[in-house]
Amino acid sequence: MYRFSRQIFMQVKDAIDPHPDTIPAAEARRRVLRACEDTIERLAKDPRYFPKPARTLFQEIRFYFPITEQARVYFTIEKTIKIAHQFIQDEIERSGEGASVPCRATTRKGKPCQRTPLPGKEYCPSHQHLEEPVLVA
Ligand SMILES: [Zn+2]
């Protein structure tokens, strides 16, 4: 996943030029890289609840770039995040297929239950009692 944040960073790092009264360029580079990593990480964790990742990241780091570079920086971020987002979506779909193992329980008619298990569980809502840990006295 970090190859996306690295990709953004590599394309914008040479333009990093913080105001001389603020922080040294090396520190600005560290912050930009960190912001890129945080954004990609957050995007990977919950892409659906991260509505405008490119804009969010840009707002966070734009101050480290001269005004003349900001448009290019924004487009670089947007382009790379779009690719990252697509990659993450594909991953989710792929792992979703792998995880679509039906409920482990057997119905009263003796057939395997076909329902979808609860997230992170092996049983569906009707059979979740089967998953309760056995209490040892
Ligand atoms: Zn079931």
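Just so you know, all these numbers are worked out from the coordinates, no wet-lab data involved. Here the structure is a predicted model, which is why all the values come from computation and not from measurement. In this analysis, Cβ positions are derived from the backbone assuming ideal geometry, glycine residues included, and neighbour counts consider all displayed protein chains.
The table that follows gives values for the structure above.
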quantity: Ordering of 111-122, 3-14 by packing [mean C-beta count within 10 Å, highest first]; calculated: 3-14, 111-122
quantity: Sorted by Cβ density within 10 Å, fewest first, the residues Asp17, Asp46; calculated: Asp46, Asp17
quantity: Pairs beyond 29 Å (Cα-Cα), from Lys45/Lys79; Lys13/Lys52; Lys13/Lys82; Lys82/Lys121; Lys45/Lys111; calculated: Lys82/Lys121; Lys45/Lys111
quantity: Helix axis angle, 25-45 relative to the chain longest principal axis, alpha carbon, degrees; calculated: 20 degrees
quantity: Choice from Ile67, Ile16, Ile81 showing the highest fluctuation, given a GNM over the chain with Cα pairs closer than 10 Å; calculated: Ile67
quantity: Long-range amide H partners of Asp17 with built H, under 5 Å; calculated: Phe65
quantity: Point-to-point label distance, Val101-Met1, nm (Cα→Cβ direction, 7 Å offset); calculated: 2.3 nm
quantity: Ellipticity estimate at 222 nm from DSSP helix runs (n ≥ 4, -39,500 (n - 2.57)) divided over the chain, nearest 500; calculated: -17500 deg cm²/dmol
quantity: Cα centre as origin, Lys/Arg/Asp/Glu Cβ charges: the chain dipole, Debye; calculated: 480 debye
quantity: Calculated diffusion of segment 2-99, Stokes-Einstein form, Kirkwood radius summed over Cα pairs, 25 °C and 0.890 mPa s, µm²/s; calculated: 176 µm²/s
